[in-house]
Structures are given as C-alpha cells and as structure tokens.
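The values are calculated or read from the model by the stated rules, or taken from the named source; none is laboratory data. Model, not experiment: these values are computed from the prediction. Here the Cβ positions follow ideal geometry from the backbone for every residue, glycine too, while neighbour counts run over all protein chains shown.
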Amino acid sequence: MPAPHERAFLEAFDTYADALFKHAYFRLSNRERAADLTQETFLKAWEYIREKNEIQHWKGFLYRILNNLIIDEYRKKKEESLDKLIEDDPVHADALVSQGSREEKEERLNDEFMIEKLRSLIPQLPEQHRVVLSLRYFDGFSLKEISSLLSLSENVVSVRIHRATARLRTLSGFTDTI
C-alpha cells in the first residue's frame with residue numbers, strides 16, 4: 001500500500017492531469033510540448049514531496065509549477081504558430097452541422113468561428129493577459145484563486161482580465177459579443 005504522500009500525489013495526478021494538459025495546450029498551441037510540460041510539472045511535484053515537503057493545496061501548487069514552466073518555454077521560444085493548433089485540432093464543421101435545424105447549425109458554426117477567431121488572437125495579448133484569461137475562462141479559477149496563484153491582488157487580476165477582454169474586442173471586431 002502506498003505511503004500517504006504517494007496516495008496524495010496519485011490522487012492529484014488523477015484529478016488534475018487532464019486540466020493541466022489542457023491549460024498548457026491552450027497556452028502553447030503545441031500538443032507535444034503541453035504533454036511534456038504536464039509531465040515535468042508532476043515530476044517537480046514528486047521531487048518536492050520526496051524531500052519531505054507537504055502540499056496543502058495541490059491544484060494551486062501544480063498550476064504554479066506549470067505556469068513557471070510555460071514562462072520558461074516562452075523565454076526559449078517566443079511564439080508558437082497558430083497554424084500548428086489548427087493542424088492538430090481542426091474545427092470539424094461536418095460534426096457541427098450534423099444535428100439540429102438550419103438556424104441551430106448556423107449558430108453553432110458562428111459560435112465556433114468566433115471561438116477560433118478569439119483563440120487565434122489571444123497570442124497577440126501580453127503574457128500577463130494571456131495567463132489570467134486562460135486561468136479564468138479555460139481553467140475555471142476564481143479571481144481569488146488566480147490572485148493567490150500569481151501572487152497578485154484580486155483587483156490587479158480583475159483589471160488584467162478586463163483589459164485583456166477589451167483588447168480582444170478591439171482585435172476581433174466582435175464588439176457586441178465578447
């Protein structure tokens with residue numbers, strides 16, 4: 001039977017691995033690098049607990065490690081092409097239009113177009129805005145959790161989210177929909 005710290009680690013892995021991968025993939029637009037950084041996140045967490053350190057809040061701890069790894073990745077390689085994202089995860093219009101009325105199909109396609117357009121614009125935002133948008137809207141963190149994770153005040157996080165969404169409105173031309 002595994003030791004308590006091993007059980008906690010395995011439980012954290014089962015609980016957060018998929019979400020961490022999605023977060024990394026969204027931020028990097030590269031499936032292989034996202035998988036590598038997710039694995040490296042857990043390796044660093046394992047090293048930390050092997051040194052007899054205790055982790056109270058696994059989610060925040062793991063996201064902090066991953067965000068630091070992503071920042072290191074950005075420093076190594078400034079920007080990853082969105083063409084790679086489109087190649088790896090193309091929008092399947094045929095699946096979107098296979099069900100529902102004509103109006104529903106058109107609405108789904110419009111929504112999908114808007115999401116892809118916004119996703120393609122996010123890399124144009126400053127890093128600090130990309131991080132808070134990703135944590136808030138893709139990973140579901142609250143303002144309080146983001147502020148704790150990034151060691152910022154809730155007000156700073158809120159302002160960054162507001163500025164990022166305002167910038168996306170300007171870049172996208174979807175002023176009424178964001």
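Working carefully through the options V157, V131, find the one that is among the β-branched types (V, I, T), at pLDDT below 90 and buried (at least 18 other Cβ atoms within 10 Å of the Cβ). If you could, list the steps in order and put the result at the bottom.
On the way: V157 fails: at pLDDT below 90.
On inspection, the qualifying residue turns out to be V131.
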Within segment 2-43, tally of residues that are closer than 22 Å to R136 by Cα and not in a helix (DSSP H, G or I): 2
query: Pairs under 6 Å by beta carbon, first residue on the phi < 0 side of the Ramachandran plot in segment 128-155, partner of a type in the set (A, V, I, L, M, F, W, C) and part of a loop (DSSP other than H, G, I, E, B), six or more apart or different chains?
result: L135/F141
